[in-house]
Amino acid sequence: MLEKVKEIARTVLAEKQADGVLGLMKGQWDIIQPHIFESPVEVDALVIEPKWLLAKMAMTVLRSSREGYRLAVVVRGCDERALTELVKRNQIEKERLVTIGIACTAEQAQACICDRPYPQKLDCGDAVAGVDPFSIESVKELLAGDGPARMEKWANILKRCIKCYGCRNSCPICVCVPCKLEDQVWVETGVIPAEVLSYHLIRAFHLSDTCVACGACQEACPVNIPLMALQLSMREMLRETYGYDAGLDPERNSPILYDLCKEPAAGQALPDWVNSLRKDDES
Amino acid sequence: MKILIFACKWCGLIGADGAGKKRIQLPPEFRVIAVECAALVEPDAVIRAFASGMTGVAVLGCHLGGCRFNDANHAAIKRLELLKTLLDATGIGGKRLLISFGTAHEGYQYAEVVKTFFEELKTMPSTVAWTASL
């Protein structure tokens, strides 16, 4: 698989489809780091393991490079979804982006609790089936129990927070400047642990319809807060009610921004709590 | 018990006003914040209200299709419904957030909504786990 990725990267560079390929490089002393390969000769040092989210980096590169600079990125499923979301949110120009999609292995999918471990534009590797996050024990346990029990469980977990902002910084889609989490109005600054409700729920809600379930927040967290579990129920709700999955369709905007009657596509039922609307719509 | 009510200027607030004019007896522990439209109530504001110790938050707006700002309350209801999912997942309980559109235009309707919400909140478990850490 690695050879095939290198082959594609060389072709992309040789045919001038892109000016650079962003991928991982095994450099001096076998240190693996992200690198922009700009000539086909360099590509020999390209590696694809371990998983490293490059979406945010691609955005930074594209923003700071000259106009018309085209970048190819070696992406996994989550990376591709993140890039799609960034394009939708006008952070990246679509024309300047080329993707080289690689599939994850079954073990990796299991480790990430990923339900779509392959990109839509798959260039090498075979797509393996995803894992249903709600069938995983640890997730089940977090979302189990009635109100107060669950509340206490989450309160205890979130109290560990040291407010390093790692979850925000590592998230490929957290791009707002200025950030609400740094604003005294929303989250009290200078307090550790972070205000449990404000900090975590505001962060989680801001990503409700954008979260691509890449797990970067969780990986970055130094105190092992299972942040993905916060996101899962909202992703599930969007999928069930609107049939919307963040990052899959570049043309479709988030359903929570739009009106209820027009947004559901043909054949899709309106959520049952607005059924009365149907009459308004027909008249 | 503390309740925060975000009332849209065109419906909820008129109801609140009417209830006051009619001198309907209401439980005293609620505060009303007037907003131009229910869509201006960011979910973040609701979260912030819970964080500052509110037992319940209510968002009262115009009925769907009757918003002064075209489809603004459609977006609002979608957002807040999604927020309920998050509140449920963390155990606060989506029921602590009342989304009521087009039900509080008259004084007596408003009183009814507020009273029912109070009764419902009374039956819910306390928020000690969250507030202790604040």
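The values are calculated or read from the model by the stated rules, or taken from the named source; none is laboratory data. Computed from a predicted structure; not experimentally measured. A quick note on method: Cβ atoms are made from the backbone with ideal geometry, for glycine too, and the neighbour counts reach across all protein chains shown.
Tell me which residues, restricted to the range A:226-246, are among the hydrophobic types (A, V, I, L, M, F, W, C) and touching a residue at least 12 places away in the same chain (Cβ under 8 Å). Hits for the range A:226-246 are A:227, A:228, A:229, A:230, A:232, A:234, A:238, A:246. Checking A:22, A:13 one by one, the residue that is touching a His at 6+ places or on another chain (Cβ under 8 Å) and surrounded by 20 or more Cβ atoms within 10 Å (Cβ to Cβ) is A:22 and no other.
Tell me, which residue of the range A:131-147 that is under 15 Å from residue A:157 (Cβ atoms) and in contact (Cβ under 8 Å) with a residue 12 or more places away in the chain is nearest to the chain's Cα centre (by Cα)? In this case the residue turns out to be A:139. Note on the range A:82-159: enclosed helices (runs of 4 or more DSSP H) holding 3 or more residues that are over 18 Å from residue A:217 (Cβ atoms) and within 14 Å of another protein chain (Cβ to nearest Cβ) are A:147-158. When residue A:206 is tested against (1) surrounded by fewer than 22 Cβ atoms within 10 Å (Cβ to Cβ); (2) within 16 Å of the chain's Cα centre (by Cα); (3) more than 9 Å from every other protein chain (Cβ to nearest Cβ), just one condition goes unmet, and that condition is (3). Applying the set (1) closer than 26 Å to residue A:143 by Cβ; (2) more than 10 Å from chain A (Cβ to nearest Cβ) to residue B:88 leaves exactly one unmet item: (2). Filtering the range A:181-205 to residues that are within 24 Å of residue A:229 (Cβ to Cβ) and of a type outside the set (A, V, I, L, M, F, W, C) leaves A:193, A:195, A:198, A:199, A:200, A:203.
On the stretch given as the range A:28-63, residues that are assigned to a helix (DSSP H, G or I), aliphatic (A, V, I, L, M) and within 23 Å of the chain's Cα centre (by Cα) total 6. So, in the range B:45-76, of the ones that are at the interface with another protein chain (Cβ under 7 Å from one of its Cβ atoms) and buried (at least 21 other Cβ atoms within 10 Å of the Cβ), which residue ends up modelled with the lowest pLDDT? Going through the qualifying residues, I end up with B:74. All told, residue A:170 falls short of being without any contact (Cβ under 8 Å) to a residue 60 or more places away in the chain and under 14 Å from the mean Cα position of the chain (by Cα).
Quick one: in the range A:209-242, of everything that is within 20 Å of residue B:46 (Cβ to Cβ) and assigned to a loop (DSSP other than H, G, I, E, B), which residue is nearest to the other protein chains (Cβ to nearest Cβ)? Among those residues, the one meeting the criterion is A:209. Filtering B:97, B:83 for residues that are facing another protein chain (nearest Cβ under 10 Å) and of a type outside the set (Gly, Ala, Ser) leaves a single hit, B:83.
The set of residues in the range A:176-202 that are crowded, with 20+ Cβ neighbours inside 10 Å and within 20 Å of residue B:54 (Cβ to Cβ) comprises A:186, A:187, A:194, A:195, A:196, A:197, A:198, A:199, A:200, A:201, A:202. Within the range A:186-203, the set of residues being facing chain B (nearest Cβ under 8 Å) and over 16 Å from residue B:83 (Cβ atoms) comprises A:193, A:195, A:196.
Output yes when any residue across the range A:64-74 is touching a residue at least 40 places away in the same chain (Cβ under 8 Å), under 22 Å from residue A:211 (Cα atoms) and assigned to a helix (DSSP H, G or I), and no when none is. Taking every residue of the range A:64-74 in turn, none turns out to be touching a residue at least 40 places away in the same chain (Cβ under 8 Å), under 22 Å from residue A:211 (Cα atoms) and assigned to a helix (DSSP H, G or I). Has the range A:14-27 got at least one residue that is of a type in the set (S, T, N, Q) and in a strand (DSSP E or B)? Among the residues of the range A:14-27, not one is of a type in the set (S, T, N, Q) and in a strand (DSSP E or B), which makes the answer no.
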